[in-house]
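The values are calculated or read from the model by the stated rules, or taken from the named source; none is laboratory data. The shown structure was predicted, so the numbers you read here are calculated from the model rather than taken from an experiment. A quick note on method: Cβ atoms are made from the backbone with ideal geometry, for glycine too, and the neighbour counts reach across all protein chains shown. Just so you know, the surface numbers come from the protein's heavy atoms only, side chains and all, with ligands and any DNA or RNA stripped out. Shrake-Rupley method; radii C 1.70, N 1.55, O 1.52, S 1.80 Å.
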Amino acid sequence: MDHAATHDANSHSSHDHASAARVFAVRVLRQDGPGQPSYWERHEISRESDMNVISVLQRIAAKSKTAEGRAVPPVAWDCNCLEEVCGACTMLVNGRVRQACTALVDRLLEENPDEIELRPMSKFPVVRDLVVNRSRLFRALKKIKAWIPVDGYYDAGPGPRQSPDEQLQAYPLSQCMSCGCCLDACPQYTKVELTRREGESDEQFAAREHEAFDRGFIGAHAISQTMLFNANPTGSMNAGERLDALTSEGGIQVCGNAQNCVAVCPKEIPLTTSIGRAGRAATLHVLKQWFDK
Amino acid sequence: MAKQRVMIVGGGLAGLAAAMKLAEGGVEVDLMSLTPVKRSHSVCAQGGINTVNDQTRQFGDSEWLHLDDTVYGGDFLQHQPPVKEMVEWGPKIIDLMDRLGVPFNRTSEGFRDHRRFGGTLFKRTAFAGATTGQQLLYALDEQVRRWEAEGRIHKYEFWDFLGPIIDDAGVCRGCVGQDLVTMEIRAFAADAVVVASGGCGLIYGRSTMSMACTGSAASRVYQAGAKYGNGEFIQVHPTAIPGADKLRLMSESARGEGGRVWVPRKPHDPRPPVQIPESERYYFLEDRYPKYGNLVPRDIATREIFNVCTYEGLSVEPDRMCVYLDLTHLPRATLDQKLGGILEIYEKFQGVDPREVPMKIFPAVHYSMGGLWVDYQRSASGGLEIGSTRNQATNIPGLYAIGECDYQYHGANRLGANSLLSCIFSGLVVAPGIQNWMKSLPGGAASEQPSSLYDRARRKHQQTHDALLKRAGGGENPYLLHQELGNLMTRSATVVRHNSDMQESYARLCELSTRAEKCSLSDTGHWTNQNVVFTKALKDMFPLAKVILKGAIARDESRGAHFKPEFCAAGLTSTAPAERRHEAEAWCDRFEENTRKWLKSTIAVCGEGGEPQLSYESIDTSLIPPRPRLYGLVGGEMIEEVWKQRQAGRTPATRDGNGTTAGKSSPASASAH
């Protein structure tokens, strides 16, 4: 027998889980496509050491059989880096929005020994199973012009000098991986799901969707990004434009100060601090516009 | 003139840099990516990005020394002009990224701060916390979003690249892609296609790479006729955290701060590690390398850990290869202060506190130095002719490759913190060349080509796809087959390579490849079918796996990441000065002979039935003549002395000779052996 055979069999590490159950249950909320009804499906997985929810989903895909032994298509899910730095694998694990890669099976079974429950994010349209469409989140970054509007990409020397303190302020905000946890947990962020009308082209549908997205709440991530770019010495030259966006329909005034966002952020970004700052900046901005009239 | 467009495949650092640079030049860009580009694998790079800077210059550093470190570290297996150009652009690239808002760490005076990385004596590495790759990628993602808002760039995210569209004259006219949500297959006309699809780590099953790093795009281009260079050079990092789903990097600094590597003397000792007494622990690195201990060079650490687990059967766990990396003897306060960040990663993913329990680690496949062959135009000063249509061009006209999926910059071994530089550089430098290419397109613009060209290509991929969904299959499970492939490749073509072993593996690889044709799908639907997409990617792993293995079998030497014990120059054994000198002379003779024989790039083309056909390309080493890498070798000082005397005795004649060989501006036309 070679390494290939011994290595990846559903092995049981004798000393790690001597007392733990050999098999555990996973309940997945599935949905075949947009507008389709959702349904629960139960899977049984052999326990291995160092498992996370990603490896559970990999085993489900490889088995493609429910706990009852019925053949089913693999559960669809989204992932990439598996190091909690890309944001792709965000879902509801035991009811909590988080990345599947850092959701460790041992910990989850300590919380609830009976089963692990997986559901798609609740504030974004389901594409299939655990895959959701988060394009609204990226649309918000366009709305607030989340970039440094440099003159060009030719050599123009270094950027502005910045103090270590400024870097320490900016870096945490700049770690936002656009995962959407803060949005899923926000009471003011409600799902926007449009269905395509008959005869509507890609472009027409996208335009209608963007309009709907822009009317909805922009969310904590975009407010925080506004503060990131407005604090940058070059970015601050366009601070007014970003504050215009932040005070338009669906802007910061919609925030109900529930503070769920900061509690669920996997990168521990000080979102409520950003919201507080943004609120003050927005007020000054509006007053200034009023006096300048 | 007809409206022109460029298609970029992949939205990591290289793809995004190319997209924004082309957009700035007024070019309409389509950008196709498996994931939203902000989630690309570049986010995983932690350490930093190397460039000469004002501070290192005052300690004697220069672009030339950065070039020297890079080619010495790469064991001279890369053409030197592109590297020279890259390191010269380095400081400007950092300035640009700084202007784009990357939050680089700062000195108290407000300048960018730097740290030191492996393979150099200078503090060249700029960094943004422990997530430099993420920060650089975000800055480029933001610029691309800006152009997207202006309508200059159009993104196709959640799209899979199925293959290039090549006309009867052999010119690339676009590509076929598949929407991963709706499963629609569409042909895209493009006047140039740029492949920026990253590494191919998933061929090894689990690696430090992201799930999108299947190598499928590069493989599809290779199968369409593009040459693939130095495929056998795959970097393996010594310390990673084994996981059931992937292997995550554990920084070398853990050993730098006093971490000790060991295994129980009794194979698979079931006791918790802290209960195993000192006398029953085998500190194999300290035992075998008393001088360097746990801080032996990276490749040696990798090889020893691998040997202990595979050939000596001393892995900590019976069903999974790993050794202990032990920090528990160090004071908690020291650990928190110096290693806090990386220990948190271990804790987060393993759920175990490494301050209390030794970490379990194992080497992991980390980076592909090899990749699609690309051309360049050498300038009079030994760098690149900027704007040449040949820079980053594959052998298929109109088809370009940049970033990790090209073979150009890292030779036989990549230095830490050089990959972020090569990705951004190749992305920026490809743009002016493509703009010139589009000024004189042979046979007109893509939009002027007959629609039948695109219909035919689309239909072909549609038929392949439909056939895959419809057929009964042969009961093979693509996910389990992928594990088998990964285990096979990890076992035979990573750290230590034996010809007999690899030949056996090659035969098994061919069997697996045949079995992969009989995969049964568990999903035959037409909506977000990840099962069929994965199966296609799996099938396309085999051609590249063959390139890697066949290239490794053929290369009978040890160079950089490619190590064959049967073909390895051992150190000196004699202690008598005269005899030692004699041995050093012989060592240098063998080195020169080996250089003549093997200092050349492996070039693979896809032959009949997916069999790679190998040839070799000579290397432009005109700037820095190859010399032995002696780090840690017994008798290295003596060898170096002999080597220097030889070189001194030869100048200038030898240098001229080298210069003449490499003076050829076309590596494409360089002789194949």
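Of all residues in the stretch B:347-400 being polar (S, T, N, Q) and either within 14 Å of chain A (Cβ to nearest Cβ) or not in a loop (DSSP other than H, G, I, E, B) (or both), which is surrounded by the fewest Cβ atoms within 10 Å (Cβ to Cβ)? It would help to see each step written out before you state the result.
Residues of the stretch B:347-400 that are polar (S, T, N, Q), as a first pass: B:350, B:368, B:377, B:379, B:381, B:388-389, B:391-392, B:394-395.
From the residues that got through so far, the ones that are either within 14 Å of chain A (Cβ to nearest Cβ) or not in a loop (DSSP other than H, G, I, E, B) (or both) too are B:350, B:368.
On the way: B:350: 20, B:368: 31.
Here the residue is B:350.
Which of the residues that make up the stretch B:613-630 are hydrophobic (A, V, I, L, M, F, W, C) and either closer than 16 Å to residue B:67 by Cβ or assigned to a loop (DSSP other than H, G, I, E, B) (or both)? First the steps, then the outcome.
Applying the first criterion (hydrophobic (A, V, I, L, M, F, W, C)) to the stretch B:613-630 yields B:614, B:619, B:623-624, B:630.
Residues satisfying the conditions are B:619, B:623, B:624, B:630.
Please go through the stretch A:106-142 and give me each residue that is at the interface with chain B (Cβ under 9 Å from one of its Cβ atoms), open to solvent by 20 Å² or more (accessible area, probe 1.4 Å) and assigned to a helix (DSSP H, G or I), ordered by number.
A:106, A:107, A:135, A:138, A:142, listed by residue number.
For the stretch A:33-74, give me each residue that is open to solvent by less than 40 Å² (accessible area, probe 1.4 Å), more than 9 Å from every other protein chain (Cβ to nearest Cβ) and among the charged types (D, E, K, R).
Answer for the stretch A:33-74, where residues must be open to solvent by less than 40 Å² (accessible area, probe 1.4 Å), more than 9 Å from every other protein chain (Cβ to nearest Cβ) and among the charged types (D, E, K, R): A:41, A:47.
So the check is Cβ under 6 Å with 6+ separation or different chains; which pairs have a first residue in the stretch B:564-590 that's of a type outside the set (D, E, K, R) and a second one that's surrounded by fewer than 16 Cβ atoms within 10 Å (Cβ to Cβ) and outside any helix (DSSP H, G or I)?
B:567/B:556; B:571/B:634; B:572/B:634
Out of all the residues in the stretch B:232-240, is one or more over 30 Å from residue B:78 (Cα atoms), in contact with a Gly (Cβ under 7 Å, 6 or more places away or on another chain) and part of a loop (DSSP other than H, G, I, E, B)?
Scanning the stretch B:232-240 turns up no residue that is over 30 Å from residue B:78 (Cα atoms), in contact with a Gly (Cβ under 7 Å, 6 or more places away or on another chain) and part of a loop (DSSP other than H, G, I, E, B).
Is it true that some residue in the stretch B:129-137 is surrounded by 24 or more Cβ atoms within 10 Å (Cβ to Cβ), small (Gly, Ala, Ser) and part of a helix (DSSP H, G or I)?
yes
Just give me the residues in the stretch A:249-276 being open to solvent by 40 Å² or more (accessible area, probe 1.4 Å), away from every other protein chain (no Cβ under 14 Å) and out of contact with any helix residue (DSSP H, G or I) (no Cβ under 7 Å at 6 or more places or on another chain), in sequence order.
A:253, A:254, A:256, A:257, A:258, A:260, A:263, A:273 - these are the residues of the stretch A:249-276 that are open to solvent by 40 Å² or more (accessible area, probe 1.4 Å), away from every other protein chain (no Cβ under 14 Å) and out of contact with any helix residue (DSSP H, G or I) (no Cβ under 7 Å at 6 or more places or on another chain).
Check A:249, A:241 and return the single one that is more than 15 Å from residue A:145 (Cβ to Cβ) and charged (D, E, K, R). I'd like the intermediate steps shown before the answer.
On the way: A:241 fails: more than 15 Å from residue A:145 (Cβ to Cβ).
After ruling out the rest, the residue left standing is A:249.
Output yes when any residue across the stretch B:252-270 is within 14 Å of another protein chain (Cβ to nearest Cβ) and of a type in the set (Asp, Glu), and no when none is.
yes
Filter the stretch B:244-282 down to the residues that are in a helix (DSSP H, G or I), of a type in the set (D, E, K, R) and more than 36 Å from the chain's Cα centre (by Cα) and list them by number. Walk me through it before giving the result.
So in the stretch B:244-282, the residues in a helix (DSSP H, G or I) come out as B:253-256, B:273-275, B:278-280.
With of a type in the set (D, E, K, R) added as a condition, the list becomes B:255, B:278, B:280.
If the condition is that a residue be in a helix (DSSP H, G or I), of a type in the set (D, E, K, R) and more than 36 Å from the chain's Cα centre (by Cα), then B:278, B:280 are the ones that fit.
Yes or no, residue by residue, for (1) facing another protein chain (nearest Cβ under 7 Å); (2) touching a helix residue (DSSP H, G or I) at 6+ places or on another chain (Cβ under 7 Å); (3) surrounded by fewer than 23 Cβ atoms within 10 Å (Cβ to Cβ):
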{"site": "A:92", "(1), (2), (3)": "no, no, yes"}
{"site": "A:98", "(1), (2), (3)": "no, yes, yes"}
{"site": "A:145", "(1), (2), (3)": "no, yes, yes"}
{"site": "A:184", "(1), (2), (3)": "no, no, no"}
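Restricting to helices (runs of 4 or more DSSP H) lying wholly in the stretch B:18-111: which have 3 or more residues that are over 24 Å from the mean Cα position of the chain (by Cα)?
B:54-57, B:80-99
Could you grab me the full set of residues in the stretch B:321-346 that are surrounded by fewer than 21 Cβ atoms within 10 Å (Cβ to Cβ), charged (D, E, K, R) and touching a helix residue (DSSP H, G or I) at 6+ places or on another chain (Cβ under 9 Å)?
Within the stretch B:321-346, B:336, B:338 qualify.
Please work out if residue B:589 is at pLDDT 95 or above, open to solvent by 30 Å² or more (accessible area, probe 1.4 Å), among the acidic types (Asp, Glu) and part of a loop (DSSP other than H, G, I, E, B).
No; evaluated as a whole, the condition is false for this residue.
Which one of these does residue A:161 not meet: (1) open to solvent by 20 Å² or more (accessible area, probe 1.4 Å); (2) under 20 Å from residue B:38 (Cα atoms); (3) not in a helix (DSSP H, G or I)?
Against the list (1) open to solvent by 20 Å² or more (accessible area, probe 1.4 Å); (2) under 20 Å from residue B:38 (Cα atoms); (3) not in a helix (DSSP H, G or I), residue A:161 comes up short only on (2).
Collect the residues in the stretch B:175-205 that are surrounded by fewer than 24 Cβ atoms within 10 Å (Cβ to Cβ) and within 12 Å of chain A (Cβ to nearest Cβ), keeping them in residue-number order.
Passing the criteria: B:179, B:180, B:181, B:182, B:183, B:184, B:186, B:205.
From the set of residues in the stretch B:520-549 that are touching a Pro at 6+ places or on another chain (Cβ under 7 Å) and closer than 30 Å to residue B:601 by Cβ, which is farthest from the other protein chains (Cβ to nearest Cβ)? Break it down stepwise before answering.
Filtering the stretch B:520-549 for residues touching a Pro at 6+ places or on another chain (Cβ under 7 Å) gives B:522-523, B:525, B:530-531, B:534-535, B:538, B:546-547.
Narrowing further to those that are closer than 30 Å to residue B:601 by Cβ: B:538, B:546-547.
Working: B:538: 12, B:546: 18, B:547: 21 Å.
Filtering the stretch B:520-549 for residues that are touching a Pro at 6+ places or on another chain (Cβ under 7 Å) and closer than 30 Å to residue B:601 by Cβ, the one farthest from the other protein chains (Cβ to nearest Cβ) comes out as B:547.
Would you check which residues across the stretch A:210-219 are free of Cβ contacts under 8 Å to residues at least 60 places away in the same chain, in a helix (DSSP H, G or I) and under 17 Å from residue A:124 (Cβ atoms) and list them? Talk me through it step by step, then tell me what you get.
Residues of the stretch A:210-219 free of Cβ contacts under 8 Å to residues at least 60 places away in the same chain: A:211-212, A:215, A:217.
Going one step further and asking which of them are in a helix (DSSP H, G or I), we end up with A:211-212, A:215.
Matches in the stretch A:210-219: A:212, A:215.
Against the definition (touching a residue at least 40 places away in the same chain (Cβ under 8 Å) and away from chain B (no Cβ under 14 Å)), how does residue A:282 come out, yes or no?
Spelling it out, it is not the case that residue A:282 is touching a residue at least 40 places away in the same chain (Cβ under 8 Å) and away from chain B (no Cβ under 14 Å).
If you go through the stretch B:464-483, how many residues are under 21 Å from residue B:511 (Cβ atoms), within 13 Å of chain A (Cβ to nearest Cβ) and in contact (Cβ under 8 Å) with a residue 12 or more places away in the chain?
9
Please state which one of B:46, B:58 is in contact (Cβ under 8 Å) with a residue 60 or more places away in the chain and open to solvent by 10 Å² or more (accessible area, probe 1.4 Å).
B:46 is the lone residue from the list that is in contact (Cβ under 8 Å) with a residue 60 or more places away in the chain and open to solvent by 10 Å² or more (accessible area, probe 1.4 Å).
Specify the residue that is farthest from the other protein chains (Cβ to nearest Cβ); the eligible residues are those in the stretch B:301-320 that are open to solvent by 30 Å² or more (accessible area, probe 1.4 Å) and more than 13 Å from residue B:269 (Cα to Cα).
B:303
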